[in-house]
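The values are calculated or read from the model by the stated rules, or taken from the named source; none is laboratory data. Keep in mind it's a predicted model, so treat the numbers as computed, not measured. Every residue, glycine among them, receives a Cβ derived from its backbone with ideal geometry; neighbour counts consider all protein chains shown.
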Amino acid sequence: SRGPGSVEAFGPGLRDGLAARMGTAVDLAEALAKEGELFLSYQPVFDLEHDTIVGAEALVRWRHPQRGVVSPADFIPVAEQTGLIADLGCWVLDAAVSQLSQWQRLVGTGFRLHVNLSPLEMRQPRLVAQVVDALDRHGVPAEQLLLEITETGLMTADDGSVPRLEELREIGVALGIDDFGTGYSSISYLRELPVDMVKLDRSLTSLVAASPDEYALTRAIFGLMRSSGLEIVAEGIEEHVQVAHLRAIRCRYGQGYLLARPAGPEVVAALLARRGQG
Ligand code: C2E
Ligand code: CA
Ligand code: CA
Ligand code: CA
């Protein structure tokens, strides 16, 4: 996995790491087979201009019987290495769309649930059928679903992935690029992709508030993106000054601990209800 030309001796350190990952994989397979250990947290996405909720991102959590709540940063990579990501991705999609169906009364227009898609899921020919099936079963319009794909995931996509994404977009599902600014894609490349939204990585969001030079640079980047018709969501907003600068450069949407942390579905419902009251 370190690439060609890399040699490493197998020793106790590697063995322990491997054993830990195997343990995680076995437990995760069990968690997928039963109810209750896996659940979703939802982090709201806000319109910074109007201070209203416009969406939420589903983030998977695992309440392990011995280890407590395990971070997705720890088990998603294991799921990807072992192929469990296919079942996990299916579970996440179904749980998210099911939640969306429970919010229907409150949703109205202009709300989207973001679901993260691993690059490996994008390579699966049955992805489109799975998405359509989940939406049908729960009676949710495709327009309320947005799939987030990472910038690096897109760059390593196979030949079938982009047509698959185009197909999803044709049925009305929105697509977004996650972690923008951590890879090497150019804006001209983004314009060729079937995407609606670009999510600025936390590192780029914090640059906005860092220095006047970088502020000017991000403002220029935003201008280019907007003229390409892309919605921009700044993620990882932690400070008030970032919100002020983002508003100044007309970055319309934002997400971050300062605005709302990931939480249970009732928090999103409360925000939606408040928005409904105008
Ligand atoms: P991500 O998609 O980039 O999600 C954003 C992560 O940043 C989340 O961590 C979120 O809790 C955290 N975050 C949000 N606001 C802030 C902030 O203001 N400051 C800081 N420091 N962090 C913030 P989380 O939930 O631990 O997820 C980590 C990663 O795991 C996600 O990164 C995503 O790549 C992956 N992941 C989570 N859920 C899923 C899933 O259902 N499917 C797939 N394929 N991947 C998932
Ligand atoms: Ca994401
Ligand atoms: Ca991200
Ligand atoms: Ca990420």
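Those strands (runs of 3 or more DSSP E) of the range 1-73 in which 2 or more residues are surrounded by 16 or more Cβ atoms within 10 Å (Cβ to Cβ) occupy 38-47, 52-64. Restricting the search to the range 1-35, which residues are among the hydroxyl-bearing types (Ser, Thr, Tyr) and at pLDDT 75 or above? Within the range 1-35, SER6, THR24 qualify.
When residues in the range 226-249 are screened for being under 22 Å from ALA56 (Cα atoms) and under 22 Å from the mean Cα position of the chain (by Cα), 15 of them pass. Just one residue in the set GLY55, GLY17 is farther than 21 Å from LEU127 by Cα and more than 16 Å from ligand 2 (Cβ to nearest atom); that residue is GLY17. Identification of helices (runs of 4 or more DSSP H) wholly contained in the range 88-148 with 1 or more residues that are more than 25 Å from LEU28 (Cα to Cα) yields 104-107, 127-138.
Consider ALA79 carefully, then state whether it is within 16 Å of ligand 2 (Cβ to nearest atom) and within 21 Å of ALA260 (Cα to Cα). Judged against the criteria, ALA79 is not a match. In the range 204-241, which residue that is within 14 Å of ligand 2 (Cβ to nearest atom) and among the small types (Gly, Ala, Ser) is farthest from GLY55 (Cα to Cα)? So, considering only residues that are within 14 Å of ligand 2 (Cβ to nearest atom) and among the small types (Gly, Ala, Ser), the one farthest from GLY55 (Cα to Cα) is GLY236. For first residues located in the range 130-150 and acidic (Asp, Glu), partners that are more than 16 Å from ligand 2 (Cβ to nearest atom) and lie 6+ apart or on another chain with Cβ distances below 8 Å form the pairs GLU143/GLY172.
Yes/no matrix, rows are residues, columns are (1) closer than 16 Å to CYS251 by Cα; (2) crowded, with 21+ Cβ neighbours inside 10 Å; (3) within 16 Å of ligand 1 (Cβ to nearest atom):
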| site | (1), (2), (3) |
| --- | --- |
| GLY183 | no, no, yes |
| SER186 | no, no, no |
| VAL208 | yes, yes, yes |
| THR218 | yes, yes, no |
| LEU224 | yes, no, no |
| GLY229 | yes, no, no |
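When GLU170 is tested against (1) closer than 30 Å to THR205 by Cα; (2) surrounded by fewer than 16 Cβ atoms within 10 Å (Cβ to Cβ); (3) not hydroxyl-bearing (Ser, Thr, Tyr), just one condition goes unmet, and that condition is (1).
Do the conditions hold for THR109, that is, is it more than 16 Å from ligand 3 (Cβ to nearest atom) and of a type outside the set (A, V, I, L, M)? For THR109, the condition - more than 16 Å from ligand 3 (Cβ to nearest atom) and of a type outside the set (A, V, I, L, M) - is met.
Of all residues in the range 191-223, count the ones that are in contact (Cβ under 8 Å) with a residue 24 or more places away in the chain and of a type in the set (Asp, Glu). Matching residues across the range 191-223 total 2. Quick one: ILE171 ticks every box in (1) touching a helix residue (DSSP H, G or I) at 6+ places or on another chain (Cβ under 9 Å); (2) within 16 Å of LEU48 (Cβ to Cβ) bar one, so which box is it? Against the list (1) touching a helix residue (DSSP H, G or I) at 6+ places or on another chain (Cβ under 9 Å); (2) within 16 Å of LEU48 (Cβ to Cβ), ILE171 comes up short only on (2).
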